[in-house]
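As structure tokens, the structure follows; a few thoughts come after it.
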Amino acid sequence: MGQVTKMIVDKDFQLAKVDDRLYGAFIEHLGRAVYTGIYQPGHASADEEGFRKDVMELVKELNVPIVRYPGGNFVSNFFWEDSVGPKEQRKKRLDLAWRTIESNEVGLSEFASWCRKVNSQMMMAVNLGTRGTADALNLLEYCNMETDSYYANLRRQHGVEKPYGIKTWCLGNEMDGPWQMGHKTAAEYGHLAAETAKAMKAMDDSLEFVVCGSSNVEMPTFPQWEASTLEEAYEYVDYISLHQYYGNREDDTADFFAKTQDLKNFLHSVIATCDFIKAKKRSKKNIYLSFDEWNVWYHTADADNDKMAKKPWQTAPHLLEDIYTFEDAILNGLILITFLKHADRVKIACLAQLINVIAPIMTQPDGPAWRQTIFYPFLHASKYGRGIALSPVMSTGTHDTSKHSDVTDCESVAVYCEEKQEVTIFAVNRNTKQDLSFQADIRGFEGYQVKEYLVLESEDMKLVNSLQNSPVQPKSRTDYEMADGIFETVMKKCSWNVIVFGK
Ligand code: AHR
């Protein structure tokens, strides 16, 4: 069984308060995320506005505090005016990002209403691809202002008296990517982002801004893009975005699980770049990280490219409908642990995406909604991972994989929730060959006992859930020992473990 993994968890080992927005998500006008996803008038579970109640129930179960909208690549040619006002007058538009037809049946006001129903806030992206500062200002006025002025009055004419009050704004999307409509150089983008944030702040200085970082860590312009952009925009923005998707194309599970080493390096590089510019500017302010697109994404990529090339201009086609495996759920658990270990700098993270499109929640247009494998680590982290992130003292074995060395067998973090008097350990045994003896010393939490021990375990890494059958589900384990503040168990190889202690 190899080396025993030991951890000491103590109230005094505090890293940072976990920002609830670490459990954010993303909904883009893409594929069936919106149409036949959140919205399907005529469906058996549709409410009076056409929103699927079965979907809303699952979103509420995940307790998602913030949802990034409306894109993604979609936003870079989005004309927000088309998505407001009487539905019958709304223009159908070509969406160039995904080569589909956007009906605009769901727009700003409908999405704001949906967000209220699922207890989420909107994180709104502006189009800095094919549009610019003036349009962003008009949109902000329409969304947030109570003034007697053109766009605020237009909103009232559209029947929305109370502004939406959107606090967090994304200054475009992946502007470093050559695939982006209106792609820009770092200098062009940095200047535009700074000027747009400056102008929007002039309308409302309580807003927060996310400036675009690189589209992924492999971009040739990373991390110079971050440095150049922040040179321009540092004083006007609060967060820089990070995006990263993972895949197991080589069918090498051990190496797939090691990919959060790359994620850790990515986070450290972006933090270092932010702090370099902070030092250069003699600034007192920190820039925080908004990891506003993360997930596994590769299962359907080739088929989707083919579909967009050969059958473009459909409405709400099946796109990016990855069906997730057991091992994908484990990787997502590892990603969540990595974010929690950096809770001092990562303040926002959005699982990309939420419904049907690379999503934990799937829908049948003529049937119910169901949970993918990746639903569960997110659910557990969102439920038990709010409070103060602790940095436990850890010792665990290591192994090498095809492309990574010194990979820790056990990845783990703990979160203390003072209000509920609970401390939760999240742990993944990412060793694909061996179960692992695990020992946690929680004597610092006097009188705490195990309230719940939840796991995701499977021998079959490719196991998937479907509408008919959900073999990947958390189960409770009782085969552990707890005496004098020491918890002991054997963690199965390739397993996700959530141990909740309470008084
Ligand atoms: O989430 C799917 C796409 O991935 C988004 O539209 C884009 O921002 C990213 O490349």
Given a 1.4 Å probe and every protein chain left where it sits, what share in percent of the accessible area of the stretch 53-171 is carbon and sulfur? 48
Run the simple label-point estimate for ASP82 and LEU94 please: 7 Å along Cα→C-beta, distance reported in nm. 1.0
With no solvent and one equal point scatterer placed on each C-alpha of the stretch 305-462, evaluate the Debye formula and give log10 I(q)/I(0) for q = 0.08, 0.20 Å⁻¹, two decimals. -0.31, -1.40
Phi-derived 3J(HN,Hα) across the stretch 374-386 with the Karplus relation (6.51, -1.76, 1.60, θ = phi - 60°), rounded Hz, x for Gly and Pro, is 6, 4, 6, x, 5, 4, 5, 5, 5, 7, 10, x, 10
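Calculate the dipole size of the stretch 48-95 relative to its Cα centre from +1 charges on Lys and Arg beta carbons and -1 charges on Asp and Glu beta carbons; express the result in debye to the nearest 20. Write out the running numbers ahead of the final one.
Values: 9 positive and 9 negative charges, 36 e Å.
Computed about the Cα centre, the dipole is about 180 debye.
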Stretch gain in nm, segment HIS183-LYS420, where the contour uses 0.36 nm per residue and the Cα spacing is subtracted: 80.6 nm
With each pseudo-label sitting 7 Å past Cα toward Cβ, what's the VAL393-HIS158 distance in nm, one decimal? 5.8
Under 5 Å between amide hydrogens, which residues at least 5 positions from TYR246 or on another chain qualify, with H placed 1.01 Å from N in the peptide plane? ASN295, VAL296, TRP297
In terms of the charge dipole of the stretch 283-322, which places +1 on Lys and Arg and -1 on Asp and Glu at the beta carbon, the residue among SER283, ASN305, TRP294 farthest towards the positive end is SER283
Under a crude label model (7 Å from the Cα following the beta-carbon direction), how far is ASP47 from LYS451 in nanometres? 2.9
Put +1 on the Cβ of each Lys and Arg and -1 on the Cβ of each Asp and Glu in the chain; which of SER149, GLY37, GLN224 then has its Cα farthest toward the positive end of the dipole? SER149
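Taking only protein heavy atoms into account and a 1.4 Å probe, give the accessible area per residue of the chain in Å². All intermediate terms of the calculation are to be shown ahead of the outcome.
Values: 19260 Å² over 503 residues.
Counting only protein heavy atoms, the per-residue value for the chain is 38 Å².
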Would you list which aspartates and glutamates come within 13 Å of LYS6, measuring only between C-alpha atoms, while excluding same-chain residues fewer than 8 positions from it? ASP409, GLU411, ASP441, GLU488
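Which whole-number percent is the relative contact order of the stretch 202-250 (Cα, under 8 Å, 6+ apart)?
On the way: 43 pairs, mean separation 24.4, N = 49.
This gives 50 percent for the stretch 202-250.
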The stretch 368-458: GluC sites (Glu not before Pro) falling in loop per DSSP and having at most 13 other Cβ within 10 Å: GLU418, GLU419, GLU446
About the Cα centre, and with charges only on the beta carbon of Lys, Arg (+1) and Asp, Glu (-1), how big is the dipole of the stretch 238-356? Nearest 20 debye, please. 1080
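What length, rounded to one decimal in nm, is gained on full extension from THR315 through to ALA483, with 0.36 nm per residue of separation minus their alpha-carbon distance? Don't jump to the answer; show the numbers that get you there.
On the way: separation 168, 0.36 × 168 = 60.48 nm, distance 5.92 nm.
Gain on stretching THR315 to ALA483: 54.6 nm.
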Considering the Cα positions of the stretch 76-202, please state its Rg to one decimal place and its Dmax as a whole number of Å. 14.9, 41
In Å, what Kirkwood hydrodynamic radius results for the stretch 404-503 from the alpha-carbon pair distances? 14.7
If I take R0 = 30 Å and measure r between the Cβ atoms of LYS17 and GLU231 in this structure, what FRET efficiency does the formula 1/(1 + (r/R0)^6) give, to the nearest 0.05? 0.50
Using a Förster distance of 22 angstrom, determine the FRET efficiency expected from the C-beta separation of LYS493 and SER405, and round it to 0.05. 0.70
If you take every residue apart from LYS278 with its C-beta less than 11 Å away from the C-beta of LYS278, what net charge results, scoring Lys and Arg +1 and Asp and Glu -1? +3
Taking amide hydrogens as modeled 1.01 Å from N in the peptide plane, which residues meet the under 5 Å criterion relative to GLU321, leaving out close sequence neighbours? ILE358
Treating cross-link reach as a plain straight distance, find the lysines whose alpha-carbon is under 16 Å from the alpha-carbon of LYS347, omitting any fewer than eight places away in the same chain. LYS17, LYS167, LYS264, LYS285
When the dipole is taken about the Cα centre of the stretch 150-276, and only Lys, Arg (+1) and Asp, Glu (-1) are charged at their Cβ, what size is it in debye, to the nearest 20? 660
Bin width 10 Å, alpha-carbon pairs only: give the P(r) of the stretch 1-96 as whole percents, running from 0 to the bin holding the largest distance. 12, 29, 28, 12, 11, 6, 1
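Percent of accessible area on the stretch 318-415 owned by carbon and sulfur, 1.4 Å probe? Could you put the intermediate results ahead of the total?
Working: 1180 of 2300 Å².
About 51 percent, which is the carbon plus sulfur part of the accessible surface.
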Quick one: net charge of THR185's neighbours, Cβ under 12 Å, K/R +1, D/E -1? -2
In order through the stretch 206-218: 3J(HN,Hα) via Karplus (6.51 cos²θ - 1.76 cosθ + 1.60), integer Hz, x for Gly, Pro: 8, 6, 10, 10, 10, 8, 6, x, 6, 5, 6, 5, 7
Output ³J(HN,Hα) for the stretch 18-25: one whole-Hz value per residue in order, computed from phi by the Karplus curve 6.51 cos²θ - 1.76 cosθ + 1.60 with θ = phi - 60°, and x for Gly and Pro. 6, 6, 3, 6, 5, 9, x, 9
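Take the alpha carbon gyration tensor of the stretch 280-337, find the square roots of its eigenvalues, order them as a ≥ b ≥ c, and report rounded if a/c is under 1.5; if not, report prolate when a/b exceeds b/c, else oblate. Numbers along the way, then the final one.
Working: a/c = 3.98, a/b = 1.71, b/c = 2.34.
Because a/c hits 1.5 or more and a/b fails to exceed b/c, the stretch 280-337 counts as oblate.
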Whole angstrom only: what separates the Cα centroid of the stretch 199-218 from the Cα centroid of the stretch 75-130? 19
Projected onto the charge dipole of the chain (+1 at Lys/Arg Cβ, -1 at Asp/Glu Cβ, origin at the Cα centre), which of THR315, VAL357, PHE501 gives the Cα projection farthest towards the positive end? THR315
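What fraction of the Cα pairs in the chain, stated in percent, has a spacing above 36 angstrom? Provide the component values of the computation, followed by the final result.
Working: 38441 of 126253 pairs.
Tail fraction, whole percent: 30.
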For a protection proxy built on the mean count of beta-carbon atoms within 10 angstrom, sort 132-140, 264-272 highest first, please. 132-140, 264-272
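The values are calculated or read from the model by the stated rules, or taken from the named source; none is laboratory data. Since this is a predicted model, take the numbers as computed values, not measurements. FYI the Cβ positions are ideal-geometry reconstructions off the backbone, even for glycines, and counts take in every protein chain you see. Side chains are part of the model used for accessible areas, which takes the heavy atoms of the whole protein and leaves out ligands, DNA and RNA. Shrake-Rupley method; radii C 1.70, N 1.55, O 1.52, S 1.80 Å.
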